[in-house]
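*Asks:* What follows is a single structure, and I will ask about it in a moment.
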Amino acid sequence: PPPHCFHPPRLSLTDGGSAWRDWARTPLWRRAVVLRAAAQQLRDHAEFLAGFLVQEVAKPAKDARSEILRSADLIDYTAEEGVRLLAQGQLLASDAFQGADRTKLCLASPVPLGVVLCIPPFNYPVNLACSKIAPALIAGNAVVLKPPSQGALSGVLMARCFQLAGLPDGLLNVVTGRGREIGDYLVEHPGVNCISFTGGNTGLAIARRAAMVPLQMELGGKDACVVCADADLDLAASAVVKGGFSYSGQRCTAVKVVLVEEPVADALVAKVCEQIAQLTVGMPEDNASIVPVVDAKSADFIEGLVRDAEGKGAQLLQEWRREDNLIWPLLLDRVTKDMRLAWEEPFGPVVPVIRIQAAEEGVAHCNESRFGLQGCVFTRDINRALALSSAMETGTVQINAAPARGPDHFPFQGMRDSGIGSQGVTNSIKMMFKTKTTVLNLPQPNYTLG
Ligand code: G3H
């Protein structure tokens with residue numbers, strides 16, 4: 001067993017597990033009942049769990065609470081969607097194929113994959129765990145959850161809610177430890193039949209190590225906000241501030257670069273600065289808008305990006321200020337393509353502005369990035385919005401709003417290095433099963449059922 005595995009999985013990973021086989025035979029409606037009960041347990045323990053998110057990952061208290069409640073809603077939706085989706089199969093007759101008689105009927109139906117390894121990130125240790133666990137369970141799988149090191153207690157307590165809900169033993173197994181110590185062991189384990197991962201560049205290493213298992217991954221993003229000269233600038237400014245600075249920018253869907261058409265750049269920047277001045281900076285317990293970033297290494301990385309941009313001539317519109325991991329919100333104007341901030345994701349409360357001649361230039365910048373998660377476009381011209389959306393090579397384009405994953409049943413996916421597969425409740429359930437076919441060979445050609 002790997003070191004630091006203080007709660008070894010009850011499921012035997014060496015034989016691919018067995019708990020899921022009983023679970024797969026459990027009627028679908030009963031699986032849904034257990035999931036709904038887990039959702040209720042989360043609601044009942046919302047304050048308690050939120051307290052852990054505040055302490056472990058410095059999530060502002062109100063956001064922590066909404067993460068728990070959002071997770072409960074996601075589980076409920078998954079139970080309902082799973083019942084509808086997994087109830088369906090397909091009947092195919094052989095004579096639809098060129099030259100064939102009706103000598104065979106094929107019954108296709110969903111079967112579980114087996115054991116799903118779920119690895120959520122520190123910024124949503126509960127919600128992005130539930131978005132993997134619930135689809136895996138409703139489809140009849142067992143789960144091994146490897147929570148983030150910061151966020152592990154929240155993960156363990158969230159898993160306890162499933163236990164309190166009556167989930168049979170062996171179906172949700174929590175293995176804590178540092179990714180660099182236990183990650184390879186889990187990812188390469190032959191008992192794992194699917195990996196669902198959310199995080200950064202580690203995903204690329206996982207993809208190289210994992211063998212013959214389906215992968216669902218949401219990795220980094222450099223979500224661009226393209227602002228056209230005809231945009232509602234108040235709306236765009238609010239989206240930049242909410243999208244760029246909420247939870248100190250530690251969201252893969254945060255606005256990570258603003259590309260604004262020159263004629264309105266001064267006005268937009270002024271409006272954004274006005275709103276930044278209203279943001280409170282402090283501790284998550286006090287519901288500050290800007291809270292400390294997750295660790296010193298992240299804070300150092302963010303500072304490195306800012307220093308690089310400053311050295312190359314970017315204009316800092318607020319004073320650079322940092323106390324340990326707490327970084328004050330910062331907008332950098334006149335960022336250029338030779339600066340790291342134009343391409344790298346700070347995952348912090350720092351937003352670069354690039355001035356452009358036309359929105360198409362902004363879309364081209366977005367498409368040049370190795371990331372392609374989301375992007376957004378602000379314009380009053382719906383035809384322009386649709387044309388820009390169609391040109392923007394990202395998994396999602398938001399028109400006149402900041403990037404966001406939710407509502408949680410919307411398809412959510414990244415292009416290029418931003419991910420593999422698609423999420424959102426329905427797509428996640430579809431990730432978690434295979435199709436099994438049984439072929440009935442008929443006693444005589446052209447036999448009909450009716
Ligand atoms: O950090 C990655 C999350 O998938 C972003 O989710 O848009 O709901 O904050 P969000």
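*Asks:* Assess whether Gly166 counts as being part of a loop (DSSP other than H, G, I, E, B), in contact with an Asp or Glu (Cβ under 8 Å, 6 or more places away or on another chain), at pLDDT 95 or above and of a type outside the set (Phe, Trp, Tyr).
*Replies:* No, not satisfied.
*Asks:* Moving on to the next point. Please work out if Leu117 is away from the ligand (no atom under 16 Å from the Cβ), aliphatic (A, V, I, L, M), at pLDDT 95 or above and touching a Leu at 6+ places or on another chain (Cβ under 8 Å). Reasoning before the result, please.
*Replies:* Values: away from the ligand (no atom under 16 Å from the Cβ): yes; aliphatic (A, V, I, L, M): yes; at pLDDT 95 or above: yes; touching a Leu at 6+ places or on another chain (Cβ under 8 Å): yes.
Taking the combined requirement at face value, the residue satisfies it.
*Asks:* If I ask for residues that are assigned to a helix (DSSP H, G or I), modelled with pLDDT of 95 or more and surrounded by fewer than 16 Cβ atoms within 10 Å (Cβ to Cβ), which ones from the range 14-27 would you list?
*Replies:* Arg21, Asp22, Arg25 - these are the residues of the range 14-27 that are assigned to a helix (DSSP H, G or I), modelled with pLDDT of 95 or more and surrounded by fewer than 16 Cβ atoms within 10 Å (Cβ to Cβ).
*Asks:* When the residues of the range 82-117 are narrowed to those that are of a type in the set (A, V, I, L, M, F, W, C) and assigned to a helix (DSSP H, G or I), which ends up surrounded by the most Cβ atoms within 10 Å (Cβ to Cβ)? I'd like the intermediate steps shown before the answer.
*Replies:* Step one: filter the range 82-117 for residues of a type in the set (A, V, I, L, M, F, W, C), giving 83, 85-87, 91-93, 96-97, 100, 105-108, 111, 113, 115-117.
Now narrow it down to the ones that are assigned to a helix (DSSP H, G or I): 83, 85-86, 96.
Values: Val83: 15, Leu85: 19, Leu86: 22, Ala96: 8.
Among those that are of a type in the set (A, V, I, L, M, F, W, C) and assigned to a helix (DSSP H, G or I), it is Leu86.
*Asks:* Right, Glu47: farther than 27 Å from Ser149 by Cα, in a helix (DSSP H, G or I) and either at pLDDT 95 or above or of a type in the set (Gly, Ala, Ser) (or both) or not?
*Replies:* Numbers: farther than 27 Å from Ser149 by Cα: no; in a helix (DSSP H, G or I): yes; either at pLDDT 95 or above or of a type in the set (Gly, Ala, Ser) (or both): yes.
Here the answer is no, as Glu47 does not meet what is asked.
*Asks:* Just one of Val363, Val397 is away from the ligand (no atom under 13 Å from the Cβ), among the aliphatic types (A, V, I, L, M) and closer than 21 Å to Ala265 by Cα; which is it?
*Replies:* Val363
*Asks:* Right, something else. Taking the range 378-399 as the region of interest, how many residues are without any contact (Cβ under 8 Å) to a residue 24 or more places away in the chain, of a type outside the set (A, V, I, L, M) and either loosely packed, with under 15 Cβ neighbours inside 10 Å or touching a helix residue (DSSP H, G or I) at 6+ places or on another chain (Cβ under 6 Å) (or both)?
*Replies:* Start the filter on the range 378-399 by keeping residues that are without any contact (Cβ under 8 Å) to a residue 24 or more places away in the chain, which leaves 382-383, 385-387, 389-390, 396-397, 399.
Then drop every residue that is not of a type outside the set (A, V, I, L, M), which leaves 383, 389-390, 396.
Next, from what is left, pick out any that are either loosely packed, with under 15 Cβ neighbours inside 10 Å or touching a helix residue (DSSP H, G or I) at 6+ places or on another chain (Cβ under 6 Å) (or both): 383, 390.
Residues flagged as without any contact (Cβ under 8 Å) to a residue 24 or more places away in the chain, of a type outside the set (A, V, I, L, M) and either loosely packed, with under 15 Cβ neighbours inside 10 Å or touching a helix residue (DSSP H, G or I) at 6+ places or on another chain (Cβ under 6 Å) (or both) within the range 378-399 amount to 2.
*Asks:* Tally the residues that are hydrophobic (A, V, I, L, M, F, W, C) and either buried (at least 20 other Cβ atoms within 10 Å of the Cβ) or within 16 Å of the ligand (Cβ to nearest atom) (or both), restricting the search to the range 251-281. Step through it out loud before you land on a result.
*Replies:* First, the residues of the range 251-281 that are hydrophobic (A, V, I, L, M, F, W, C): 252, 254-255, 257-260, 264-265, 267-270, 272-273, 276-277, 279, 281.
Of the ones still in play, those that are also either buried (at least 20 other Cβ atoms within 10 Å of the Cβ) or within 16 Å of the ligand (Cβ to nearest atom) (or both) are 252, 254-255, 257-260, 265, 268-269, 272, 276.
Of the residues in the range 251-281, 12 are hydrophobic (A, V, I, L, M, F, W, C) and either buried (at least 20 other Cβ atoms within 10 Å of the Cβ) or within 16 Å of the ligand (Cβ to nearest atom) (or both).
*Asks:* Among the residues of the range 282-319, write down those that are loosely packed, with under 14 Cβ neighbours inside 10 Å, touching a strand residue (DSSP E or B) at 6+ places or on another chain (Cβ under 9 Å) and not in a loop (DSSP other than H, G, I, E, B).
*Replies:* Scanning the range 282-319 gives a single hit, Gln315.
*Asks:* Next question. Which is over 20 Å from Lys59 (Cα atoms), in contact with a helix residue (DSSP H, G or I) (Cβ under 8 Å, 6 or more places away or on another chain) and within 16 Å of the ligand (Cβ to nearest atom), of Ala224, Ala229? Even if it seems obvious, please write down each step before you answer.
*Replies:* Numbers: Ala229 fails: within 16 Å of the ligand (Cβ to nearest atom).
The unique qualifying residue is Ala224.
*Asks:* A follow-up question, please. Within the set of pairs 6 or more residues apart or between chains, which connect a residue that is free of Cβ contacts under 8 Å to residues at least 40 places away in the same chain and of a type in the set (Lys, Arg) inside the range 113-142 to a residue that is outside any loop (DSSP other than H, G, I, E, B) and more than 15 Å from the ligand (Cβ to nearest atom) with Cβ atoms less than 7 Å apart?
*Replies:* Filtered contacts from the range 113-142: no entries.
*Asks:* Would you kindly identify the strands (runs of 3 or more DSSP E) lying entirely within the range 206-277 that contain at least 2 residues that are closer than 30 Å to Gly191 by Cα? First the steps, then the outcome.
*Replies:* Numbers: elements: 215-218, 224-227, 257-261.
Fully inside the range 206-277 and qualifying: 215-218.
*Asks:* Filter the range 403-427 down to the residues that are of a type outside the set (A, V, I, L, M), in a loop (DSSP other than H, G, I, E, B) and within 24 Å of Ser246 (Cα to Cα) and list them by number. Before the answer, list the steps.
*Replies:* First pass over the range 403-427, keeping only residues of a type outside the set (A, V, I, L, M): 403, 405-414, 416-419, 421-424, 426-427.
With in a loop (DSSP other than H, G, I, E, B) added as a condition, the list becomes 403, 405-411, 414, 417-418, 421, 424.
Pro403, Arg405, Gly406, Pro407, Asp408, His409, Phe410, Pro411, Gly414, Asp417, Ser418, Gly424 - these are the residues of the range 403-427 that are of a type outside the set (A, V, I, L, M), in a loop (DSSP other than H, G, I, E, B) and within 24 Å of Ser246 (Cα to Cα).
*Asks:* While we're on this one: Please pick out the residue among Glu218, Glu181 that is crowded, with 17+ Cβ neighbours inside 10 Å and either over 18 Å from the mean Cα position of the chain (by Cα) or within 15 Å of the ligand (Cβ to nearest atom) (or both).
*Replies:* Working: Glu181 fails: crowded, with 17+ Cβ neighbours inside 10 Å.
Answer to the selection: Glu218.
*Asks:* So, in the range 189-215, how many residues would count as being under 28 Å from Ala391 (Cβ atoms), of a type in the set (S, T, N, Q) and more than 14 Å from the ligand (Cβ to nearest atom)?
*Replies:* Total satisfying the criteria: 1.
*Asks:* When you scan the range 365-402, how many residues do you find that are in a loop (DSSP other than H, G, I, E, B) and more than 23 Å from Gly199 (Cβ to Cβ)? Steps first, answer last, please.
*Replies:* Of the range 365-402, the ones in a loop (DSSP other than H, G, I, E, B) are 369-370, 373, 379-381, 392-395, 400-402.
Remaining after also requiring more than 23 Å from Gly199 (Cβ to Cβ): 379-381, 392, 400-401.
Counting residues in the range 365-402 that are in a loop (DSSP other than H, G, I, E, B) and more than 23 Å from Gly199 (Cβ to Cβ) gives 6.
The values are calculated or read from the model by the stated rules, or taken from the named source; none is laboratory data. The shown structure was predicted, so the numbers you read here are calculated from the model rather than taken from an experiment. Cβ: placed from backbone, ideal geometry, glycine included. Neighbour counts: every protein chain shown.
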